Structures are given as structure tokens and as C-alpha cells.
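What follows draws every value from the coordinates through simple rules; no lab data is involved. Keep in mind that what you see is a predicted model, and the values were worked out from it rather than measured. Note that each Cβ is placed from the backbone with ideal geometry, even for glycine, and that neighbours are counted across all protein chains shown.
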Amino acid sequence: MEQLNQIGLQKADSKQIADKLNELLANYHLYYQNLRGFHWNIKGVHFFQLHAKFEELYNNALTKIDAIAERILTIGQKPLSSFTDYMRVSSIKEEAGLSGAEETVRATHQNLTTLIGLEREILTLASESDDEGTVGLISEDINENEKTLWMLNAFLS
């Protein structure tokens, strides 16, 4: 039986990486949905600033969702594609009823912290498996998410 997938990576390693990527995918879907809700429901003196920022973040998350799913397919695995699976797998939970600046930014901060933690786990797995495609995808995302986290910290301080 062939041990390598269609791009020359070990199938067993790719399966393990895909499992973690699917966990990231599920978490990104909940992060995305939370951002949509914050965008729609934000109120207060920071409305204009946060309404635009949440839209920017959810549009960015949607692009990342697609990239993660396509990477899972590239390494020969199948991405999760139902909200039932996303809710089951995600450690990020739905946020309902939040409309204040501080509470929505704090929730976004926590969600990003969760995403970065998962990404660091994936980065380690991918590095150990010589999966440079996943390393590149995840490294770029960590850098961007860390910058966003820094900005959210600045807002909250």
C-alpha cells in the first residue's frame, strides 16, 4: 500500500494534520459567525469604528476558512462542511446577545487566542512532517492574528 499522498507527504501525517486543520476550520466558522453578530448588533460610541472592524475581520475569516478547507483537500483529506460538525468540534462557542464595545472586543480577543493556540499546534505537526505548504499557510495566519490581537489589546487597555 502506498504510504505517500498525491503531493508526496506521508498519508498518516497528513491525516493527523488534517484532523487539526478541521478543528481549526470549525473554530474559524464559529469565530466568523460571532463576528457577523457583533457587526450587526454593535451599539454605543464606538459603533462606526467597530462596525467596520468586525466587517473587516469577518471578511478576512471567510478567506481563511476557504484556504484551510482547500489545504485539507490538497493533503488528500476531507474538510468538515456542516454546522453540526463545526459545533461539535469547535472550542469557540456561539456568542449571542453581545452589543457593547468592550464585551464584543473581549470575546473576539478570546476567540483569536483560541485560534492562535490551535495554529501553533498545527505548525508543530506540519513542521515535524515536512509539510511546508501547511507551515506557510499557518505561519502567515499566526502573524496576522497576533497583530490583530495586539490591536484588540490596545483597544481594551
key: Residues satisfying the stated conditions in segment 126-141, i.e. under 29 Å from residue 50 (Cβ atoms) and either surrounded by 18 or more Cβ atoms within 10 Å (Cβ to Cβ) or in contact with a Ser or Thr (Cβ under 7 Å, 6 or more places away or on another chain) (or both)   = 137, 138, 141
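Scan segment 1-60 residue by residue and report those that are of a type in the set (Lys, Arg) and either surrounded by fewer than 21 Cβ atoms within 10 Å (Cβ to Cβ) or under 27 Å from residue 82 (Cβ atoms) (or both).
Taking segment 1-60 and keeping what is of a type in the set (Lys, Arg), we get 11, 15, 20, 36, 43, 53.
Selection gives 11, 15, 20, 36, 43.
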query = Limited to segment 51-85, what total is found for residues that are over 12 Å from the mean Cα position of the chain (by Cα), among the hydroxyl-bearing types (Ser, Thr, Tyr) and within 11 Å of residue 29 (Cα to Cα)?
reply = 2
remark   = When every residue in segment 111-125 that is polar (S, T, N, Q) and in contact (Cβ under 8 Å) with a residue 12 or more places away in the chain is compared, the one surrounded by the most Cβ atoms within 10 Å (Cβ to Cβ) is 111
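Among the residues of segment 101-110, is there at least one that is in a loop (DSSP other than H, G, I, E, B), among the polar types (S, T, N, Q) and closer than 22 Å to residue 54 by Cα?
Going through segment 101-110, the residues in a loop (DSSP other than H, G, I, E, B) turn out to be none.
For segment 101-110, residues in a loop (DSSP other than H, G, I, E, B), among the polar types (S, T, N, Q) and closer than 22 Å to residue 54 by Cα: absent.
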key: Residues (more than 17 Å from the chain's Cα centre (by Cα) and charged (D, E, K, R)) located in segment 36-50   = 43
In segment 123-142, the residues that are hydrophobic (A, V, I, L, M, F, W, C), more than 14 Å from residue 74 (Cβ to Cβ) and within 12 Å of the chain's Cα centre (by Cα) = 142
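Please tell me if residue 63 is of a type in the set (Val, Ile, Thr), within 27 Å of residue 7 (Cα to Cα) and surrounded by fewer than 18 Cβ atoms within 10 Å (Cβ to Cβ).
Details: of a type in the set (Val, Ile, Thr): yes; within 27 Å of residue 7 (Cα to Cα): yes; surrounded by fewer than 18 Cβ atoms within 10 Å (Cβ to Cβ): yes.
For residue 63, the condition - of a type in the set (Val, Ile, Thr), within 27 Å of residue 7 (Cα to Cα) and surrounded by fewer than 18 Cβ atoms within 10 Å (Cβ to Cβ) - is met.
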